[in-house]
Amino acid sequence: MSAPFVEFVGIEKAFFGVPILRGISFDLPAGGALGLVGENGAGKSTLMNIFGGNLAPDRGHMRLAGREYTPATPRDAERNGVAFIHQELNLFPNLSIGENLFLTRFPSQRGTSLIDYSRLNELTVKLLEEVGLAALPGQSVETLSTGERQLVEIAKALSTDARVIIFDEPTTSLSRSETERLFALIARLRPRGIAFIYISHTLADVFQLCQQIVVLRDGAVVGDGPAHSFTESKLISLMVGREINRLFPERNPTSRLAEPLLQVRGLSCCGKLQDISLTIHRGEIVGLAGLMGAGRSELARSIFGLDPRTSGEVILNDRRLKPLNPRAAIRNGAAFLTENRGSEGLCLQLSVADNLSLACLPRHSRPVLKRLNFETLRAAVERIRAVVRVDSKASNEQPVRTLSGGNQQKIVLGKWLLNEPRVLLLDEPTRGIDVGAKSEIYRLILDLAAKGNGILLISSEIEELIGLCDRILVLSRGRIVREFARDQFHREEILRAALGSAAPA
Amino acid sequence: MTPAAPEISRAPRWLHLLLSDYFSLILTVLLVAIFAPFTPGLLSRANLLNIFSYLLPLLIVAIGLTLVMITGGIDLSVTAIVAVASVVGGSLMTAGHQPAFIGVATMLLVGLLIGAANGAMITALHLPAFIVTLASMMFVSGFAVWFTQSRNIDQLPPAFLQIGQTLLISTAVTATLALVVRFLLQKTVYGRWLYATGQNPVTARVSGVPVRSMTFAAYVASGFCAALASVIMTGRLETASPVLGREMLLDVIGATVIGGISLFGGKGKIAWTFFGVPFLVALDNVLNLLNLSQFAITITKGSGILLAATLDALRTRFGFRQS
Amino acid sequence: MTRVGPKILKGAPLLILTALVLFFGVWNTRFLEPRNLLNIIAQASSTGILAIGMTFVLLTAGVDLSVGAMMFVAAAVAGKLALAGVSMPLVLLAMLAITLLFAAFNALFIVHVLVAPFIVTLATLFIGRGVGLFITQTRAINLPEVFLTFGSARMLGVPLPACLFAALLVLAHVILTRTPFGRECFALGHSLEAARKAGICCEKRLFQVYLISGLCAVFASVITLGQLGAVSPKFGEQKEFAAIAAAVLGGASLFGGRGNILPGTLVGSLLIQTIENGLVVTNADPYLYPMVISGVIFLAVLLETVRNRYIRSNDQHRFSSSRR
């Protein structure tokens, strides 16, 4: 094997004192294809953001083609020949393919500032041929499918003479034939010396494409070697082999005979969810596992009436919700803790008290004119602050923007608890908060279940689901593919089902 | 990726004073204190009465606009509503021989309807508020001119004129409106909902706030307030005119923005509007007493809005003044 | 999925224009005379030129309400200087200078202070009208004959204003479709953030776009002066409405990222002028004019919204179908 082309040496990074990367070191040769695997939150994205110039490492360094590589900005990374193809493609749909490829460096006609379209077309046709996309250079990007747009992104990378191309979950929105086409293209480009870093949860794809695999777990490299030295089950056990948190108390499964609180029947939502049915009983915590993009958040949002559904019904507390919108859901005892805390969960400029009381206002108002009953409202806010343990240093008048992530999340949760919901849909309730706040939120969730509420818990951390839930449903490509009862919980089996890679054992 | 905590920029100390709650009140006092020696008529009884009678309808319109601006929108059609309500009511009471109360009721209804049309287009079609209300300003004021063939309507019934001419009645009406709106904003669920809608409509919707209804209601209220102001202004001038209130747009927007109601939505109190309106009226009066021509006044007021909007943008950028 | 819908929507302004021309033609045969049709184009040129600038501004998701006021200021300066006997080229130069200064003032607040474009240009609309009235002392000024000859002159039988309009249309079309500047405007109108990430200097581009709007206002002012021969206190009043209507009818999106000069803005401005002209030919009540124009704005905005939704739903459809 040739000399290393890309080298990571002891990369460390922490956010707010929480270590995300703990000394990552590995390398790959020119023309190599490296699969980077690991569970959600293992540190893959952070590492690639450092490589792509979005973040600076706290410690450690990178080398590219034998030279020290310290990108300050994404543009800097691009100039060094590092191209990053995100899940969210960065194309302008209102421009043509050729214009997207050469947006900041149009070829110009001699002596004028006019774009030389014949030259542009020539260059574009050549690039499109290379990536195998049968489209006209003048065709507008909005007429292309997602897979085709991805090929345009690759063409863009080629046009900047990229030497390393990073893919982040490129196949989640592709059809099988589009995936094959992408792999054939990558195989064609490797002999030219272009190295690929391929991040994916689809292990079969990783095995098919890469000669080298690096496994990350909790911000550290736990496996690095040629692809043929791994098997799928070995990869999975490496990925999940993380220490079980001692944060979760013992849990007694609830009886299945308890009355159902939430019933979902045949819910479908424009290509993102297909025929979902599930039931949550009194006192039950149901976990929802799945990869990013599997439709977990979409399911919770559809149940709550935030996203439109194409068919299916939701029955809350024996009442069929119709129309399905957040107000009706709330009125029938539902609560939805969103994963986008800042943009959907809080009014960042408003005070702690205003945010806490936002969802429960009608129940603290008098019938005529909806006058607020300030005494009961203030008492309720105080009570709930104690329940969710918002930092006592924070005053009720303080804007929530100034609080830490953990306290903000407690406020969102408190906002819903003030409404005394029966069914809580919790979407990544512990994302981006510190360990202390995490365990407090776990305690709250268990308390709520013990009081007879039904909970749907979405989490990317399988440990969290295993520690808290009575049942776990696994979602893959918009469908529920498996259900695990508490006595069947098995980390590797759950991950395997989520990856959709092999038939259930 | 872990989201970064929002960075809070620190503004220099002198900005604090400039961006404080009572900024426009301080401005008003300063303005009067500085110019009173040069404009002998300024504090005379007649002039104060004159100021006051313009202040009332302006305040009413500004209160409506405040509600719209709290939702993050803008209503440029208010002055056109003042005009159209005036001529529709006027013709009903003269050519239509209807009694004053029917005239007033119709005027208010006209305001409500135009506000509802604005609100419907903005909430149902998701169009930008400024373009909808700009076009409806043009349409409505065009209608007022066409309807009267650009003529004024005189000989309105005395009972109607009473409302605008008796200072006690018009003051009572204005005060009642202000108190009702203040009550709604501060003491009821609707007020909280309105602020939440302007602060973050997505969070508001997720939390069960009827965002569309609140937005719609704000434009309806704004239309109503404009029509109410029209009743008082028409009465005071004893004539219904298709260009009534045409000079008012700058004053209304200026008063709210200088008062501190944010153009970005979610922030604002009726008290701020209350501080902003006198400043604009005092400014107008001082400039008039200084014998400045109309165009100089227009330039000053336009610059005033620009300055206030700049302050608003700075406040928002530096994260000041949470209500 | 039908492909007819978007095409009809896209062609709607042209269809309406054709229908209107035929309608007025049947009503009054004089309407269809080449003389009258050429006249319409000449009359449409000042609004049309403003609409060219407005298309650039709308493309970047902004708006410029001050174009009519800029026209007035330029005309007022021209009137004053011309009466003082300043030579024609110098007068034009002065018009250009004052308007660009005005436009730079707009751009400064919009681009660097980050105040919403509509509020900035609304304020400068009033300031501009005030400045114009100050310069003219609220009196009408009759201009020397030179200006009028410009308005009535013909090139190969075509009125000079129409020639200028055509030249600017072609120029703007080329800039928008064939220069990096134009394409970058499209990109930043679609998403300012993405454009910044792609390395486009958005502040500079936005600034230039508002200057273009000012430049177009100068041309419109010169043409209108040529046609009227005088500056009245109402000069250029409410021109911004017609310009916005023409640009949006031509397919410019109020949300940015979409728009075209040829045929869009041309058809849009001809449509506006045809309506105006048709109202005159049919002896309609002149007071109806603002109502009709604002009705057209509503219609244009409505068309644009429906078109946008169509495109978006089409896009989503493709996404979901490619998934399977």
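The values are calculated or read from the model by the stated rules, or taken from the named source; none is laboratory data. None of these values were measured; they are calculated from a predicted model. Neighbour counts are summed over all protein chains in view; Cβ atoms, including those assigned to glycine, are modelled from backbone coordinates with ideal geometry.
Structural remarks
- Condition broken by C:L288, with the remaining ones in (1) in a helix (DSSP H, G or I); (2) hydrophobic (A, V, I, L, M, F, W, C); (3) at pLDDT below 90; (4) crowded, with 18+ Cβ neighbours inside 10 Å satisfied: (4)
- Hits in region B:67-121 (condition: touching a residue at least 40 places away in the same chain (Cβ under 8 Å), of a type in the set (S, T, Y) and outside any loop (DSSP other than H, G, I, E, B)): B:T79, B:S86, B:S91
- Residues considered: C:F186, C:F235. Of these, the only one that is in a helix (DSSP H, G or I), at pLDDT 90 or above and either more than 13 Å from the chain's Cα centre (by Cα) or within 30 Å of C:G130 (Cα to Cα) (or both) is C:F186.
- Flag not set for C:L65, criterion: crowded, with 24+ Cβ neighbours inside 10 Å, away from chain B (no Cβ under 14 Å) and either more than 23 Å from C:T149 (Cα to Cα) or among the polar types (S, T, N, Q) (or both).
- Residues within region A:140-149 that are buried (at least 17 other Cβ atoms within 10 Å of the Cβ) and not in a helix (DSSP H, G or I), tallied: 2
- For A:R331, the test of being within 22 Å of A:L456 (Cβ to Cβ), surrounded by fewer than 23 Cβ atoms within 10 Å (Cβ to Cβ) and more than 29 Å from the chain's Cα centre (by Cα) is passed.
- Of all residues in region A:64-77 being at the interface with another protein chain (Cβ under 10 Å from one of its Cβ atoms) and in contact with a helix residue (DSSP H, G or I) (Cβ under 9 Å, 6 or more places away or on another chain), the one that is surrounded by the fewest Cβ atoms within 10 Å (Cβ to Cβ): A:R75
- Considering only residues in region A:126-144 that are within 11 Å of chain C (Cβ to nearest Cβ) and of a type in the set (A, V, I, L, M, F, W, C), the one that is farthest from C:G182 (Cα to Cα) turns out to be A:L144.
- Taking region A:163-182 as the range and being of a type outside the set (V, I, T) and either over 15 Å from A:L151 (Cα atoms) or crowded, with 17+ Cβ neighbours inside 10 Å (or both) as the test, the residues that pass are A:R163, A:F167, A:D168, A:E169, A:P170, A:S173, A:L174, A:E178, A:R181, A:L182.
- Residue list for region A:93-125, filter: more than 13 Å from chain C (Cβ to nearest Cβ) and closer than 22 Å to A:R79 by Cβ: A:L123, A:T124
- Residues that are hydrophobic (A, V, I, L, M, F, W, C), more than 14 Å from every other protein chain (Cβ to nearest Cβ) and crowded, with 24+ Cβ neighbours inside 10 Å, drawn from region B:271-310: B:W272, B:V277, B:F279
- Here A:L203 passes the criteria (1) more than 27 Å from C:G259 (Cα to Cα); (2) free of Cβ contacts under 8 Å to residues at least 40 places away in the same chain; (3) among the hydrophobic types (A, V, I, L, M, F, W, C); (4) more than 10 Å from chain C (Cβ to nearest Cβ) except the one numbered (2).
- Single residue of region A:145-177 satisfying the filter (within 14 Å of another protein chain (Cβ to nearest Cβ) and of a type in the set (G, A, S)) that is nearest to A:G32 (Cα to Cα): A:A157
- The residue of region A:345-391 that is nearest to A:K415 (Cα to Cα), among those that are more than 8 Å from chain B (Cβ to nearest Cβ) and basic (K, R), is A:R385.
- Residue within region A:281-295 that is without any contact (Cβ under 8 Å) to a residue 60 or more places away in the chain and touching a strand residue (DSSP E or B) at 6+ places or on another chain (Cβ under 6 Å) present: no
- Hey, C:C185 away from chain A (no Cβ under 13 Å) and either touching a residue at least 24 places away in the same chain (Cβ under 8 Å) or out of contact with any helix residue (DSSP H, G or I) (no Cβ under 7 Å at 6 or more places or on another chain) (or both) or not: no
- Hits in region B:54-91 (condition: at negative phi, surrounded by fewer than 24 Cβ atoms within 10 Å (Cβ to Cβ) and among the small types (G, A, S)): B:S91
- One residue stands out in region B:173-185 among those that are in contact with a Lys or Arg (Cβ under 9 Å, 6 or more places away or on another chain) and in contact (Cβ under 8 Å) with a residue 24 or more places away in the chain: the one that is nearest to the other protein chains (Cβ to nearest Cβ), namely B:L185.
- Of all residues making up region B:186-241, the number that are under 30 Å from B:I163 (Cα atoms) and either more than 14 Å from every other protein chain (Cβ to nearest Cβ) or buried (at least 24 other Cβ atoms within 10 Å of the Cβ) (or both): 25
- Filter pass, C:R139 being at pLDDT below 90 and either within 14 Å of chain B (Cβ to nearest Cβ) or buried (at least 23 other Cβ atoms within 10 Å of the Cβ) (or both): yes
- Test result for C:L96, within 14 Å of chain B (Cβ to nearest Cβ) and farther than 14 Å from C:G236 by Cβ: no
- Among residues of region A:42-67 that are within 16 Å of A:L28 (Cβ to Cβ), those with a Cβ under 7 angstrom from a residue that is assigned to a strand (DSSP E or B) and of a type in the set (S, T, Y), sequence gap 6+ or separate chain, pair up as A:M62/A:Y69; A:R63/A:Y69.
- Close pairs (9 angstrom Cβ cut-off, 6 or more residues apart or separate chains): over 15 Å from C:T177 (Cα atoms) in region A:90-112, part of a loop (DSSP other than H, G, I, E, B) and acidic (D, E) anywhere: A:R110/A:D116
- Here the helices (runs of 4 or more DSSP H) wholly within region B:132-215 that include at least 3 residues being of a type in the set (V, I, T) and touching a Ser or Thr at 6+ places or on another chain (Cβ under 8 Å) are B:201-206.
- A:R422 passes every criterion in (1) farther than 30 Å from A:T310 by Cβ; (2) touching a strand residue (DSSP E or B) at 6+ places or on another chain (Cβ under 8 Å); (3) among the basic types (K, R) apart from (1).
- Any chance C:V170 is part of a helix (DSSP H, G or I) and either surrounded by fewer than 22 Cβ atoms within 10 Å (Cβ to Cβ) or in contact with an Asp or Glu (Cβ under 6 Å, 6 or more places away or on another chain) (or both): yes
- Only one of the numbered conditions (1) at pLDDT 90 or above; (2) over 30 Å from C:F186 (Cβ atoms) is not met by A:N40, and that is (1).
- Flag for C:G251 being more than 11 Å from C:V57 (Cβ to Cβ), away from chain A (no Cβ under 14 Å) and among the small types (G, A, S): no
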